[in-house]
Amino acid sequence: MLNLNEIAKEKFNKTLEESTNQEIYKLLLDLVQDKAKDQPINESKKKLYYVSAEFLIGKLLSNNLLNLGLYQEVENQLAASGKSLAEVEEAEQEPSLGNGGLGRLAACFLDSIATLGLNGDGVGLNYHFGLFKQIFKDHQQNYAPDEWLAEPTWLTKSDISFEVPFGKFTLTSSLYDLEVLGFQQGKRNRLRLFDLDTVSSDIIEEGTITFDKTNIEENLTLFLYPDDSDRNGNLLRIYQQYFMVSNAAQLAIAEAIERGSNVHDLADYVVIQINDTHPTFIIPELIRLLTTQHVVSYDEAVIIVRNIVAFTNHTILAEALEKWPLDDVKEVVPEIATIIEKLDVEIKEQFADKPNVHVIDENNIVHMAHIAIHFGFSTNGVAALHTEILKETELKPFYELYPEEFSNKTNGITFRRWIMAANPELTAYLDEKIGTDWHLDADLTGLLEFQKDEKVLQELKDIKNIKKAQLAEHLERTQDIKINPNSIIDVQIKRIHEYKRQQMLALYVIYKYLDIKAGNIPATPITIIFGGKAAPAYTIAQDIIHLILTLSELIENDADVKDHLQLVFVENYNVGEAEYLFPAADISEQISLASKEASGTGNMKFMLNGALTVATLDGANVEIAELVGNDNIYLFGRSSDEIVHLYETNGYNPQYYYNKRQIQPIVDFIVGDEMMALGNEANLTRLYNDIKNKDWFMALIDLIEFIQIKDLMFEDYEDQAVWQEKSLINIAKAGFFSADRTIEEYNNEIWHLTDGSSKKDSDITLN
Ligand SMILES: *Cc1c(COP(=O)(O)O)cnc(C)c1O
């Protein structure tokens, strides 16, 4: 039997009680690693490689304990020695291997792939400092390297390494593995992270995230998404992408050969899912490897690759669809540029009259998504609406060419992390009410039986209050932010982007501030919480952060308002913060401009934890609304069709909305005397002018409706019986959003890992 006290004695010659949290963390990490390595790795003839530039995995200790079935036992033994697992967990540094939803999706998928017993590894890069650590100073976002690799670490260095031949030099990689444990599965997979031994933090300028972009040997895996505002930055991104995929492709081929592949039949052994366009160079790289390192002809190599690679599209924002100047690709990897040119010739011959599907356009720009769609066998969107928009608008010419290759795979989240680990109180309560089958089948509908049960509704409210108190305690202890745990907790946490419309919620806060000043006091105090990072080069996003931080201080300073309305910006939003915020929220803000959010997964985490959603009909919000019914979600705003039409006709004029009597004073407040006294004139004026004159993502178009629906929500909150019933229905219907469901769909319709056949074995043959 597990005896932590004894282990502590052996390891440190101390009792558990005498050990520090740091020591206990180390002890538990070793314990989990030992148990993990006892577990066999999932096996099957065909193996999945999920290649992604990001894996936003979050801390590993609690999740691994949970998946090993040790969580409760460890928590109990720690408690018996006066220790808390939550505090021990603070000794763990969160891995900085991701950025936002796309990376978090990859992490949830790894958990589900392992839990379903599928043979699939994640493949990515071992960034030493991630994106950046966000630090607020003078109401501005500042940057520091996000250090996470200090000992003790979950990473195990393997003896696997590959040569990656760039145009000017060849680099030798090192592979690190992270164990990925299935939930109560007894088997494991791995996250394979490639790195370079020569990378060095010495080239980073002290206290910044600036470094010599040309020193590839020392900078290659320092940061995720390094600044690409100049050519050297662009080149570095290509260096990173090629390094990632060359390693991934070499690993996949080597492992397939080990399992018995003769390379001609590689598609029976390997399927590669590329998470957005960042790994697209894997297509020409596989062709290069097959034709130069193995005896495969070019034509056969193209066919093999077409049977192996599947592509997930995550965005319809034109600026996010990756394109590289052919000259840049040539400079970094000339061999790959040559293969891309060959692929382009093939497409141009086949589709001479369709320039919008060509791989290289008339300006010599390479379109990565076009390579992925033409030379992969599957393209999927990530929510029903998103997939429809891809088919009807953004990727329409491709859908017309390959209609049978398009499909939808609505995103999901792992319930292990987002309810069982993050909300053990709700988990225990659900277990008591509906049993524990939902841990594996995610079916929570049994809860509906208690929809009208006042005692149950009250107990769910009590749990929400516990989670609010824990959030308040956490924010005070770690960020010196004091919030009222008895207030309505209203949360928007996600990357800062104009399309997500944080600026619209900030405008609502201004409205509410002015309304309270006018004497309309909310029945229950309101706390509005933001969290999220903005890309360093994204000026308007910086201005939005500045607006919120300045407004936060202004409200805090106002004795008339501060007890009724509070505005908080959580610093350095990451998975760890998220685990406190989702369970504590009453209100989930999913207010993107319709048609712009591909899916969202934050929306699912809130729903699962009983928050009510205020939403536009965008991304997976559409499916949430279908599941819970319109009475149990707060919908507002223009439809996706209307917005798409407005863009097509250039039909939006922000001045028209600005001039409305209700809106003008709110927007003008941004540059009013009070804000100017606290904030920075350049930031505030730029944002003000942008909203008034450009407003590309239409914050003003839905503002009046947004104000109305939010005020309705706060009114509804006062009828707690009704509110709690809606909350219960949201929890009960969240099962659809389990990532296990999503992964089953990927496996049944794209990967076919368990039946040993590749999708198109019979469709494409060499003749
Ligand atoms: C879920 C999650 C996201 C994605 O949030 P969206 O609202 O879907 O954009 C981003 N970051 C973290 C830390 C998350 O947990």
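The values are calculated or read from the model by the stated rules, or taken from the named source; none is laboratory data. Note that this is a predicted model, so its numbers are computed, not measured. We place every Cβ from the backbone using ideal geometry, glycine too, and count neighbours over all the protein chains shown. Please note that ligands, DNA and RNA were not included when accessible areas were found on the heavy atoms of the full protein model with its side chains. Shrake-Rupley method; radii C 1.70, N 1.55, O 1.52, S 1.80 Å.
Before moving on, here are some points about what is shown:
- Computing FRET efficiency as 1/(1 + (r/R0)^6) for Leu2 and Asn215, where r is the C-beta to C-beta distance and R0 is 35 Å, gives about 0.15.
- Multiplying the residue separation of Glu404 and Glu18 by 0.36 nm and removing their Cα-Cα distance gives an extension gain of 132.7 nm.
- Theoretical FRET efficiency, 1/(1+(r/R0)^6), r = Cβ-Cβ of Gln458 and Met676, R0 41 Å, to 0.05: 0.30
- Förster radius 22 Å - calculated FRET efficiency between Ile365 and Arg259, Cβ distance, rounded to 0.05: 0.05
- Cα gyration tensor category, rounded, prolate or oblate, for the stretch 620-733 with a/c compared to 1.5: oblate
- Loop-located chymotrypsin sites (Phe, Trp or Tyr not before Pro) in the stretch 6-74 (DSSP state other than H, G, I, E, B) with a sparse environment of at most 12 neighbouring Cβ atoms within 10 Å are absent.
- Ellipticity at 222 nm from helices only: DSSP H runs of n ≥ 4 in the chain, each -39500 (n - 2.57), divided by the residue count, give -13500 deg cm²/dmol.
- Computed over protein heavy atoms with a 1.4 Å probe, the accessible surface of the chain works out to 36 Å² per residue.
- For the stretch 668-762, the carbon plus sulfur part of the accessible surface works out to 48%, probe radius 1.4 Å.
- GluC sites (Glu not before Pro) restricted to the stretch 23-77 and DSSP loop, no more than 15 other C-beta within 10 Å: Glu43
- Sequence-distant residues sharing a close amide H with Ala144 (under 5 Å, placed H): Lys133, Ile135
- Dimensions in Å of the stretch 307-409 - Rg and Dmax from alpha carbons: 13.7, 40
- Calculated from backbone phi, Karplus (6.51, -1.76, 1.60) coupling profile of the stretch 28-45 in Hz, x at Gly/Pro: 5, 4, 4, 4, 5, 4, 4, 5, 4, 6, 6, 7, x, 7, 4, 10, 5, 4
- Relative contact order of the chain: 13 percent, from C-alpha pairs under 8 Å at least 6 residues apart in sequence.
- Percent accessible area from carbon and sulfur atoms, the stretch 552-615, protein chains only, probe 1.4 Å: 36 percent
- Percent carbon-and-sulfur accessible area, the stretch 14-114, ignoring ligands, DNA and RNA, probe 1.4 Å: 45 percent
- For Val123, residues with placed amide H under 5 Å, excluding near neighbours: Tyr50, Val51, Ser52, Arg192
- Separation of the Thr170 and Ser201 label points, Cα + 7 Å toward Cβ, nm: 3.2 nm
- Calculated P(r) of the chain - Cα pairs past 33 Å, %: 52 percent
- When each of Lys83/Lys482; Lys59/Lys391; Lys213/Lys330; Lys137/Lys500 is checked by Cα-Cα distance, pairs over 27 Å: Lys59/Lys391
- Mean Cβ count within 10 Å, highest first, over the residues of peptides 158-165, 309-316, 513-520: 309-316, 158-165, 513-520
- Cα-only radius of gyration and Dmax that characterise the stretch 129-284, units Å: 17.8, 61
- Protection-proxy order for peptides 86-95, 288-297, each taking the mean of Cβ atoms within 10 Å per residue, highest first: 86-95, 288-297
- For the stretch 203-253, GluC sites (Glu not before Pro) are listed when DSSP marks them as loop and at most 11 other Cβ atoms sit within 10 Å of their Cβ; the list is Glu205, Glu206.
- For the peptides 337-346, 405-414, 718-727, the ranking by mean Cβ contacts within 10 Å, running from highest to lowest, is 405-414, 337-346, 718-727.
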